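Asker: Provided herewith is a single structure, encoded as structure tokens, for subsequent inquiry.
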């Protein structure tokens, strides 16, 4: 017997019986109620826009009132240029303001140079929220940052009026995800003294939470809400467009034209338009409302109602209000219940068999007697799925076994790489004129960092630290080649710059993968303490010198050279230094100073030097281990992002054979 599809059964039995009932009631009701329902929806949309924008009004009003309060308080408390004590009083006041206003993300006052304190030329204290705490920063002392060039400052200063800035990403505050900087909008109000602008009151409002809530807000099924800046920049994501990524002028010129006159309507009023919406270019009803305080525009917000879904709402309202429709629904319910019984029986039997398969009985075969084509097709599909699942489980076991073999081979590679580096200390127990200790910890099973040291002849001692681009197997292979070439050329008793030049020419040839390596190579004459070196793009080493018996590590200023491997025939510029008895030379790779903690903050060059100076009285073994311990404490469990390599050499001098 020929099977009948489930869809055909539903159409014949349900829609065939009820179509005439519903068709007559919908057609009759549509012409009488369409206009009235549309007017009701228009009013409802406007009311909803007013309701959802109250939070914006509250935040913007609070920002403006707080800024005005701060201006009045400043003019009363600080009538002239003060000193450090005046700075501290202002900082305490700003912190109190931020603590008392939870809607505000940060508060600041930024001043023209020398207009607030004699102790700080550029003074701009800011308190801002960072997760569950309040942090402080003096923007005038922030590296690579000049608040005088920021729009939130010079716009209010130059125009000498209060204004809202365009939205922007913060340069100090991370969002809740800890990955992207916070989305902010700033209220800037100039400070005057004797008719001259001396600074700006700054109130920052975080738009992250508001932007997220607006993006999550659903109107009907696929409608949405979008907030825009004065220049039309999106403040929250719509469709495939993220916040700050697009401008309404690009997405919908029609809507942008409607926004031009929005500042002329009352603050609490709305503008109702019918155009194509910006995200999907569909016909829509759009409610526009300005965002401003005291006549100062901060942007606008739009609530988008797709016309297609509004019509669906109209049809639903009409059907619900129709008495004939109600009786039709009752009749349809009775018919559905009757028909579903006959349809559900084979489906229930099918579900029972599927349940057995789901509980691990993969050998169970589902057998259901049914005339519905979809049910028989599902039966065949589930039986095939059981067979495929058994095959998959077998292949999965084979894949896991293969992965374990790869991991074992990587462990062996790690052991081989570690064995290639000097690892027995002291390496030259009969040579008391030098003390040396080093370590290399790869970020992966194998890495691209390496160190090496050896005597070229009885009086010349060579030391190398290098960092290959990238990590993993490729970097490790490149590291082996570079290490071998450097040692081979150095044993020819060449100066450092010539060694680097020759090795560079060799590894530049046929370098199809465009890999490179930074190298610092130095040769110490143990008779005189003369240290000749050349640096190929590597981190500058530190030297602890003691001309007055006070040891202190400082970074060496070296000639700049390019890395090895990028191009042949490069001339490397050398440097030379004199090492005295007791001097310590420290080499490292960027895995040390750029080690990051869970907050993505780096260990930094300064912390590296300070740690070495704090342990400068220790021997090289303890010095390196104490620095490694400090790096581990700083990262606090964060995953190691780069190889870590350190090498410390102490020169005892030819006449100090008893030191180590």
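Residue-by-condition table, conditions (1) part of a loop (DSSP other than H, G, I, E, B); (2) touching a helix residue (DSSP H, G or I) at 6+ places or on another chain (Cβ under 7 Å); (3) surrounded by fewer than 20 Cβ atoms within 10 Å (Cβ to Cβ):
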residue	(1), (2), (3)
119	yes, yes, yes
123	yes, yes, no
128	no, no, no
135	no, no, yes
144	yes, no, yes
148	no, yes, yes
154	no, yes, yes
157	no, no, yes
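Asker: Would a scan of the range 108-115 turn up a residue that is more than 19 Å from residue 292 (Cβ to Cβ), outside the structural domain of residue 270 (by TED's automatic domain parsing) and in a helix (DSSP H, G or I)?
Answerer: Within the range 108-115, the subset more than 19 Å from residue 292 (Cβ to Cβ) is 108-115.
Narrowing the set further to residues that are outside the structural domain of residue 270 (by TED's automatic domain parsing) leaves 108-115.
So of that shortlist, the ones also in a helix (DSSP H, G or I) come out as none.
Within the range 108-115, none of the residues are more than 19 Å from residue 292 (Cβ to Cβ), outside the structural domain of residue 270 (by TED's automatic domain parsing) and in a helix (DSSP H, G or I).
Asker: Looking at the range 233-245, can you tell me whether even one residue there is on the phi < 0 side of the Ramachandran plot and over 34 Å from the mean Cα position of the chain (by Cα)?
Answerer: For the range 233-245, residues on the phi < 0 side of the Ramachandran plot and over 34 Å from the mean Cα position of the chain (by Cα): absent.
Asker: Take residue 440 and tell me if it is in contact with a helix residue (DSSP H, G or I) (Cβ under 9 Å, 6 or more places away or on another chain), at pLDDT 70 or above and more than 30 Å from residue 469 (Cα to Cα).
Answerer: Here the answer is no, as residue 440 does not meet what is asked.
Asker: Looking only at the range 471-478, decide whether some residue is touching a residue at least 40 places away in the same chain (Cβ under 8 Å), within 19 Å of residue 422 (Cβ to Cβ), within 36 Å of the chain's Cα centre (by Cα) and in a helix (DSSP H, G or I).
Answerer: Yes, the range 471-478 has at least one match.
Asker: Still on this structure, I have one more. So, in the range 233-247, exactly how many residues are crowded, with 19+ Cβ neighbours inside 10 Å, touching a residue at least 24 places away in the same chain (Cβ under 8 Å) and touching a helix residue (DSSP H, G or I) at 6+ places or on another chain (Cβ under 9 Å)?
Answerer: Count: 6.
Asker: While we're on this one: Can you pull out every residue in the range 106-143 that is modelled with pLDDT under 90 and within 19 Å of residue 183 (Cα to Cα)?
Answerer: The answer is 129, 130, 131, 132, 133.
Asker: When the range 490-527 is examined, which residues are found to be at negative phi, part of a loop (DSSP other than H, G, I, E, B) and touching a residue at least 24 places away in the same chain (Cβ under 8 Å)?
Answerer: 491, 495, 509, 511, 513, 515, 516, 526, 527
Asker: Is it the case that the range 39-55 has a residue that's out of contact with any strand residue (DSSP E or B) (no Cβ under 7 Å at 6 or more places or on another chain) and modelled with pLDDT of 80 or more?
Answerer: The answer is no; no qualifying residue exists.
Asker: If you take the residues in the range 541-561 that are in contact (Cβ under 8 Å) with a residue 60 or more places away in the chain and over 37 Å from the mean Cα position of the chain (by Cα), which one is nearest to residue 508 (Cα to Cα)?
Answerer: 544
Asker: Could you please give the count of residues in the range 81-103 that are touching a helix residue (DSSP H, G or I) at 6+ places or on another chain (Cβ under 9 Å), at pLDDT below 90 and in a loop (DSSP other than H, G, I, E, B)?
Answerer: Matching residues across the range 81-103 total 1.
Asker: Which members of the range 433-487 meet the condition of being in contact with a strand residue (DSSP E or B) (Cβ under 8 Å, 6 or more places away or on another chain), surrounded by fewer than 21 Cβ atoms within 10 Å (Cβ to Cβ) and more than 19 Å from residue 588 (Cα to Cα)?
Answerer: Once the filter is applied, which keeps residues that are in contact with a strand residue (DSSP E or B) (Cβ under 8 Å, 6 or more places away or on another chain), surrounded by fewer than 21 Cβ atoms within 10 Å (Cβ to Cβ) and more than 19 Å from residue 588 (Cα to Cα), the range 433-487 yields 455, 456, 459, 460.
Asker: For the range 528-540, which residues satisfy the criterion of being outside any strand (DSSP E or B) and either at pLDDT 95 or above or within 33 Å of the chain's Cα centre (by Cα) (or both)?
Answerer: 537, 538, 539, 540
Asker: I've got another one for you. Looking at this structure, is residue 187 surrounded by fewer than 19 Cβ atoms within 10 Å (Cβ to Cβ) and either farther than 20 Å from residue 115 by Cβ or touching a strand residue (DSSP E or B) at 6+ places or on another chain (Cβ under 9 Å) (or both)?
Answerer: Considered against the rule, which asks whether it is surrounded by fewer than 19 Cβ atoms within 10 Å (Cβ to Cβ) and either farther than 20 Å from residue 115 by Cβ or touching a strand residue (DSSP E or B) at 6+ places or on another chain (Cβ under 9 Å) (or both), residue 187 comes out as no.
Asker: Right, residue 197: in the same structural domain as residue 66 (by TED's automatic domain parsing) and within 18 Å of residue 103 (Cα to Cα) or not?
Answerer: Taking the combined requirement at face value, the residue does not satisfy it.
The values are calculated or read from the model by the stated rules, or taken from the named source; none is laboratory data. Given the structure is predicted, the values throughout are model-derived calculations rather than measurements. We place every Cβ from the backbone using ideal geometry, glycine too, and count neighbours over all the protein chains shown.
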